Amino acid sequence: MPLVKTPTKSTAAPRLLIVDDEPGVVDLVREVASGQLECQTWCAATLAEARRIIQEQRVELLVADIQLPDGNGLTLLPALRRAHPDAQAVIITGKPTVDGAVTAMRQGVVDLLAKPFTADDLSDRLQEALQKQSRHRRRRHRVRTLRKAVKRLNEARKMVTRKVDLLCNDLIGAYSDLSRQFQTVRLQEGYKALLGNTTDLEQLLCHTMDWLMRQVGYSNVGVWLAADDNEFTLGAYMKYTIAGDPELTQALERNLVRMAVRKGFVRIKGPEIRELLTPPEVKILGEQDVIAVNCTYLGDTLGVIVLFRDAKTPFGDDDVAAVKTVSPLFASMLTRAVKSADGGPAEEPETGPDDRGEGDSKLKPRERKEKIDPADWWKRGEAPPF
């Protein structure tokens, strides 16, 4: 039987494939489908022709006879499902049986039509099958739409999550930076408040070591002052566990102090002790955690501060930050102390009525203002007050 296409007014009309080798059945089905149901119809007499149409054309409904010249019409169902998942199938049979009906239904047949049948009966069956196909198509469309929406929502959620993570990371970073800045300001202001207007070099060294001890905890502290001939002189040393004997202080001045000048800041502990320090230094500091910082003012080295203690109680990040924070301020204070020393004694405050004692109005200003400074505990040989 030749392949026949019945044109209709609407290109969106359902497409029906009729597979039968009996011309009378084909004419009846085509007349009902195109006339009453306004379908586009395609006709095939064999399985091979039907399979080709299924692959090449859109098919909403298959009407096929079980007995065909080249096989069973039910064998078209797998190809129909693969090519057109929404399509429905009505099977025509001349010998209906219960087993045959059950087999057909299990394979996805929507209806089983027994010969002979009338045009009205055929119209009702085809219309019901097309309605089921339409419902099935709409359900699949809704499912696809829902899946696309869910996919878009998931993508949007992931994008929002990434943006929130980035924002949180930025906020955490900004908070950390701000916290470090506040900590730096707090350390600077605390150090300035402790020193006040100190211009006496001995008091400057004493107060600086007092401040360091309060910030980093008990440590051995040494301060070396730079000389004009690119040499260094030990300005002050505070013992915690290791005495500042010449063997140690001179070894540090020859190596560690100059290393700090070159690098700006040095932190040595563990295996690095033996790699970077000289044998005389290793002999004493072999089990220590060591920090050394260059104190510069306008690019010139004015001093070097060295701290060390047992590596079992190492310095933390806050300790390192405190030492780095105080180094430029200490250098600035050194500059002021040097200028004061070059210009003679600091100016004495003017005396007034409140400064005079009874019967001793000519008491010298230096004698009247002398008082005990808590930060001078080291200078007086007292135990630390903290």
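Taking every alpha-carbon pair under 8 Å whose residues sit at least 6 apart, the stretch 198-344 reaches a relative contact order of 27 percent. The three principal axes of the C-alpha atoms in the stretch 198-344 carry coordinate ranges of 47, 32, 26 Å, sorted with the longest axis first.
With a simple spin-label model that places each label point 7 Å from the Cα along the Cα-to-Cβ direction, the separation between PHE265 and ASN154 comes to 4.7 nm.
Spin-label pair ASN255-LYS339: with each label point 7 Å from Cα along the Cα-Cβ axis, the two points sit 3.9 nm from one another. In a simple Cβ point-charge model (Lys, Arg +1; Asp, Glu -1; nothing else charged), the stretch 198-344 has a dipole of about 300 debye relative to its Cα centre. Between LYS239 and TYR218, the contour length at 0.36 nm per residue exceeds the alpha carbon distance by 6.6 nm. Checking every one of the trypsin sites (Lys or Arg not before Pro) in the stretch 280-320 against DSSP loop status and a limit of 13 other Cβ atoms within 10 Å picks out LYS312. If R0 is 56 Å, the Cβ-Cβ spacing of ARG147 and ASP121 corresponds to a FRET efficiency of close to 0.90. Cross-link check: pairs LYS239/LYS324; LYS163/LYS312; LYS269/LYS339; LYS239/LYS339; LYS132/LYS158 evaluated at a Cα-Cα cut-off of 32 Å; pairs beyond the cut-off: LYS163/LYS312; LYS269/LYS339; LYS132/LYS158. Of all DSSP bridge pairs formed entirely within the stretch 5-142, close to 20 percent run antiparallel. Convex hull volume per residue, computed on the Cα atoms of the stretch 47-90, equals 56 Å³.
Using R0 = 41 Å, the C-beta based FRET efficiency linking THR313 and LEU171 works out to 0.75.
Shape class of the stretch 207-286 from the alpha-carbon gyration tensor: rounded, with the ratio a/c of largest to smallest axis under 1.5. Taken one residue at a time, the phi angles of the stretch 268-281 give Karplus couplings (6.51, -1.76, 1.60, θ = phi - 60°) of 10, 7, x, x, 5, 4, 6, 7, 9, 9, 7, x, x, 6 Hz. Gly and Pro are set to x.
Ordered from longest to shortest, the equivalent ellipsoid semi-axes for the stretch 5-142 are 20, 17, 16 Å, each the square root of 5 times a Cα gyration tensor eigenvalue. Projecting the Cα positions of GLN250, ILE273, LEU334 onto the charge dipole of the stretch 198-344 (unit charges on Cβ atoms of Lys, Arg, Asp and Glu, taken about the Cα centre) puts ILE273 furthest along the positive direction.
Peptides 151-158, 30-37, 267-274 ordered by packing proxy, namely the average of other Cβ atoms within 10 Å per residue, highest first: 30-37, 267-274, 151-158.
Only the coordinates and a few stated rules stand behind these numbers; no lab work does. The model shown is predicted, which means the values in this text are computed figures rather than measured ones. No Cβ is skipped: glycine too gets one built from the backbone with ideal geometry, and neighbour counts run over all protein chains shown.
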